[in-house]
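This report refers to the structure that appears directly beneath it.
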Amino acid sequence: MRIVPAQPSDLPKLLAFREEAATWLSELGSDQWSRPYPADRLLATIEAGTVFMVRDGEVTAATITLTPEAEEGLWTDAELSEPSLFVNKLTVARTHAGQNIGGRLLDWAGDRAYRSAAKWLRLDAWTTNEALQRYYLRQGFEYVRTVSEGAAVNGGPRVSGWLAQRAARPADHGFVDEAPSLPVPW
């Protein structure tokens, strides 16, 4: 499997990924990702070069967004002063579930953070999805806090404010990495 940067032509596939994940999460009783993600916002992150896809041959097995930009209102100024990369929208196709692709992607992201001289790999998870939170803890992340104050970007209460981090570290993730290095602000 190889990791490649997403292209604007991948937008429909990424939106379908999100919809597939939302359907699966709904079947599990979670409201995570129940609102459609704005296509223009996703396209902007693709064009910024922060969206990556795992290809298994010609099939897209997973996607991850990795960025040096934190979502506004989640992390303190002191935390933001520490070089960090942030994971968003990690999604594995149901056809590839159970193969530890998500864990390997987190290792890839942590390795990327380490090679970028970041101190931390950070993420925010759905506040009510305790199974997802436990998953991240099993992946070596440490819980920081839950932020519930402040409106989400698209209006309404903040729903993805469970914060966790783990130290950036080198990792043997097993992917063929065809993605360019991220520009980092430090």
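Values quoted throughout were computed directly from the atomic coordinates according to the rules given, and no laboratory measurement underlies them. What you are looking at is a predicted structure, and each value in this text was computed from that prediction instead of being measured. Every residue, glycine among them, receives a Cβ derived from its backbone with ideal geometry; neighbour counts consider all protein chains shown.
See the values below:
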{"quantity": "Net charge of Cβ neighbours under 12 Å - reference residue 137; Lys, Arg +1; Asp, Glu -1", "calculated": "+1"}
{"quantity": "Mean residue ellipticity (222 nm) of the chain, computed from DSSP H runs ≥ 4 via -39,500 (n - 2.57), nearest 500", "calculated": "-8500 deg cm²/dmol"}
{"quantity": "Residue order, fewest to most beta carbons within 10 Å, for 176, 54", "calculated": "176, 54"}
{"quantity": "Nearest-0.05 FRET efficiency for residue 95 and residue 186, computed from C-beta distance (R0 25 Å)", "calculated": "0.10"}
{"quantity": "Residue among 147, 38, 164 farthest towards the positive dipole end of the chain, charges placed on Cβ", "calculated": "164"}
{"quantity": "Spacing of the two label points (7 Å from each Cα toward its C-beta) at residue 20 and residue 41, in nm", "calculated": "2.2 nm"}
{"quantity": "In Hz, Karplus ³J(HN,Hα) per residue of the range 5-16 (6.51, -1.76, 1.60; θ = phi - 60°; x = Gly, Pro)", "calculated": "x, 5, 10, x, 5, 7, 3, x, 5, 5, 5, 5"}
{"quantity": "Contour excess over end-to-end distance, with Cα ends at residue 176 and residue 117 and 0.36 nm allotted per residue", "calculated": "19.1 nm"}
{"quantity": "Per-residue Cβ neighbour rank within 10 angstrom, fewest leading, 27, 178", "calculated": "27, 178"}
{"quantity": "Size of electric dipole in the range 2-177: Cβ of Lys, Arg +1 and of Asp, Glu -1, about Cα centre, debye, nearest 20", "calculated": "340 debye"}
